[in-house]
Amino acid sequence: MNTLLTGLRTTGLAAATLLAIAAPHGAAQPAGTDAAPSGRPRVALVLSGGGARGAAHVGVIKVLDELRIPVDCVVGTSMGSIVAGAYATGSTVADMEALIAGVGLQDVVSDDPPRREKPIRRKADDDTNYVGPEIGVRDGDFRLQPGIVSGVGLEAVLRRAVKVKGFIDFDRLPVPFRAVATDVENGEMVVIDRGEVAHAMRASLAIPGVIAPAQLGGRLLVDGMVTRNLPVEVGRELCGDIVIAVDVGTPLMKRAELTSLVAVSQQMLSILTNQNVAESLAALTPTDLLIRIDLPGYTVADFDRLPAIAAEGEKAARAFVDRLARLSLPQQEYAALRARQVVLPALDAQPIDEIRITGLRRVNPAVVEGAMETRAGESPDPAKLDRDMQRIYGSGDFEHVDYRLIEDAGKRVLAVEALEKSWGPTYLRFGLTLSSDFTTNSYFNLLGSYRATWLNRLGGEFRADAQVGRTNRLAAEFYQPLVPSRYLFVAPRLEVERSPIDLFVGQQRVARYDVQYARAGLDLGTQLTRYGEIRVGVLGGTVDAELDTGPSIIAPRNDVRQGAYTARFKFDQLDSLDFPRSGVGATAHLFSSQSHLGADDAYTKWEADVLGAYSIGNHTLQLGVKAGGALSGELPTYDQFSLGGFQQLSGFKTFQLYGSDLQFGRAAYLYRLAQGGFFEGAYLGASLEAGRIAKPLVPANGSGWQQGGSIFLAADTPLGPVYLGYGIASDGNRSAYFLLGRP
């Protein structure tokens, strides 16, 4: 252990020994034991945490570079450790400016790969408007994930920032470096002095409750701001005859802003941070320099404004030019120093001999390796490896995924460290949908899902879904891959459902029927990896159609037997199911009811649906078509198509039109009013729609083409997508709409 800091207060102690993350080998002598060149005082740069506000450190370093101020070692906490680590591993100011220009909030808070890269089964989860986190069921207890963000996406950003790869003593970096974190088990400050630089950054930035803790050296670490947000003493111990400390501040919220448990928790963290910063400031000497940066209007979450924050840091640092100038080096001496400190990353052309998946207890390593684009025999491609890590994480089985390149028995090994979910492998999710036209046509559905994963080595999965509300439904499926690649699977399933059919004459509801299904089926299918799925199968069961209210417009039918062959094709390369901005999605379904399978009604029904989206900047155009009909026989009354409702012939009542032949098309324009971080943003939109129901169930409704259109506001929220719209139809029908969940 090579870092001993004195003069720090801990509970009940006047001094504490702060343990570095230990390596199997002995500790190196700290860089601070060596004298600086030319006998000049050594300069330690100490950078505080502060979330996105920490981008101001880049602006400060830009001024230091212009003034030729030497930096002999660098220390950082939280966001300060990111800038410090990038600088320590050889980045120039231009490198760091380019990095923050390409990073946004979504890069920091999103662990999942782009939706197009997800397995098709996980994409199917988007069909349900889940609310709240995934709940694990394990050993009879309910468990939640340890942070909103795992850090997989964040680590991809950190690896881009770091120019020196692999396990290393941080004293051997181009600029000696330390990152400060907090041991969440005992509350101690931890000074990280060796290891993977990106891992040290990740541990230092693990905001409690937001980013999951990091595991390093057998310790569980969170954000260093909890114990030492401005680690002046660490910089002094490392090399600092003179300390340049940069504090971006942790402003407290006003009373009016403390309106939630989250806000109060954040305030308490800020109070603790400010208290330990005050202790650090007391350690500054008259020869040190404190640069305090006021950042009004910028928050810790403003990762979409990093270049502007960096400019504020530059502006603040220029106010200290006179005091900094006394540390300036002659041009030739400074150029020689920076030539030693700047690293040009070499192309890693040495091929990978073996891919090794470690840390697994339930998941089959062959399935994990099969999800990767990287293959043995190739040279490592950092961008491809980052995509691989996000794709593996996107399978939904892992709490954290990372990789490292190691040498083992003369072979170069890509070690993928996959940490299975500590709250799995059985999960509960809950959801909600609402729809209202502000008259009598309103409904809701409460949703629940139970999923048990990795029931065998091929990834067998049992899933049960329940719904209560307008439609009452219980469905269960056992999905069993037949090969590790999952290209082939079988899926026995069972479903019981009861839903209403409202019959209208014009806009007047005249009758309601209840349709009840109970059926079982068996599917054989193939997954087209992340692109789609094809299934063929057979099912049997019964269906009842009973009159609930109103006159008997159609004859009720009870105990109708069903037996059918089914086929389903699904292709999904949309970037989002709630607010698609690019890509294409399509489904096609064939239902062939056959007498020799026991069906009372012999007919073949087909339906297809295609949606495409294209965006330029904040402008999005969506085009969708759907159609359906009978290939043979006549569709029975209990199995017909419907139209009506928001963006499904806006202006008509929801499900106002029923019939056995459907054609529909829609064009929608959306303007993005605001971008989200955890959420997809807010939109202003309008749609034009045209459709027809031929062979209508209620002849008075006609079979001609109808036109509709809508204007709407929409936003992604913690409860799901919310729409507030108004629709007008060609026959004069008008409706206002409120929806929670997709149209």
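The values are calculated or read from the model by the stated rules, or taken from the named source; none is laboratory data. What you see is a predicted model, and the numbers here were worked out from it, not measured in a lab. Cβ atoms come from the backbone with ideal geometry, glycine included; neighbour counts cover every protein chain shown. All accessible areas refer to the heavy atoms of the entire protein, side chains included, with ligands and DNA or RNA removed. Shrake-Rupley method; radii C 1.70, N 1.55, O 1.52, S 1.80 Å.
Net charge near Ser650: determine it from the other residues with C-beta under 14 Å of the C-beta of Ser650, scoring Lys and Arg +1 and Asp and Glu -1. Walk me through the intermediate numbers first.
Numbers: positive: Lys653, Arg666, Arg734; negative: Asp437, Glu689, Asp731.
It works out to a net charge of 0.
Just report the Cα centroid separation between segment 651-667 and segment 73-145, whole Å.
41
Could you go through segment 445-454 in sequence order and give the Karplus-derived ³J(HN,Hα) for each residue, using 6.51 cos²θ - 1.76 cosθ + 1.60 with θ = phi - 60°, rounded to whole Hz, and x for Gly and Pro?
9, 9, 10, x, 9, 10, 9, 10, 10, 6
Using a 1.4 Å probe on the protein heavy atoms, what percent of the accessible area of segment 492-543 belongs to carbon and sulfur?
Answer for segment 492-543: carbon and sulfur cover 60 percent of the accessible area.
How much net charge surrounds Val515 when only the other residues with a Cβ under 14 Å from the Cβ of Val515 are counted, with Lys and Arg +1 and Asp and Glu -1?
Neighbour charge sum, excluding Val515 itself: -4.
What is the antiparallel percent of DSSP beta bridges lying wholly in segment 328-447, to the nearest 5? Before the final figure, lay out each step's value.
Working: 16 of 21 bridges.
That works out to approximately 75 percent antiparallel.
Run the reach check for Lys163 against lysines, Cα to Cα strictly under 21 Å, same-chain hits fewer than 8 apart removed. What comes back?
Leaving aside lysines fewer than 8 places away in the same chain, those within reach of Lys163 are Lys62, Lys384.
Just the number please: accessible area per residue for the chain, 1.4 Å probe, all protein chains included, in Å².
Accessible area per residue, the chain: 42 Å².
Please report, as a whole percent, how much of the solvent-accessible surface of segment 132-202 comes from carbon and sulfur atoms (probe radius 1.4 Å).
53
For segment 614-696, which whole-number percentage of the solvent-accessible area (1.4 Å probe, protein heavy atoms only) is attributable to carbon and sulfur atoms?
62
What is the spin-label model distance, in nm, from Phe167 to Phe462 if the labels are put 7 Å beyond Cα along the C-beta direction?
4.2
What ³J(HN,Hα) values, in whole Hz, does the Karplus curve 6.51 cos²θ - 1.76 cosθ + 1.60 give for segment 52-66 when θ = phi - 60°, with x put for Gly and Pro?
Karplus-based 3J(HN,Hα) across segment 52-66 equals 4, 4, x, 4, 4, 4, 5, x, 5, 4, 4, 5, 4, 5, 4 Hz.
Hey, which aspartates and glutamates would be in cross-link range of Lys695, C-alpha to C-alpha under 16 Å, not counting anything within fewer than 8 residues on its own chain?
Cross-link targets: Glu607, Glu634, Asp639, Asp661.
Take peptides 57-64, 510-517, 683-690 and line them up by average Cβ neighbours within 10 Å, highest first, as a rough protection proxy. Don't skip to the end; give the middle numbers.
Working: 57-64: 25.6, 510-517: 17.2, 683-690: 19.0.
Ranked from most to least packed, the peptides come out as 57-64, 683-690, 510-517.
Computed from these coordinates, which is Cα extents along the principal axes in Å: [x] 110, 76, 53; [y] 100, 58, 49; [z] 94, 49, 45?
[y]
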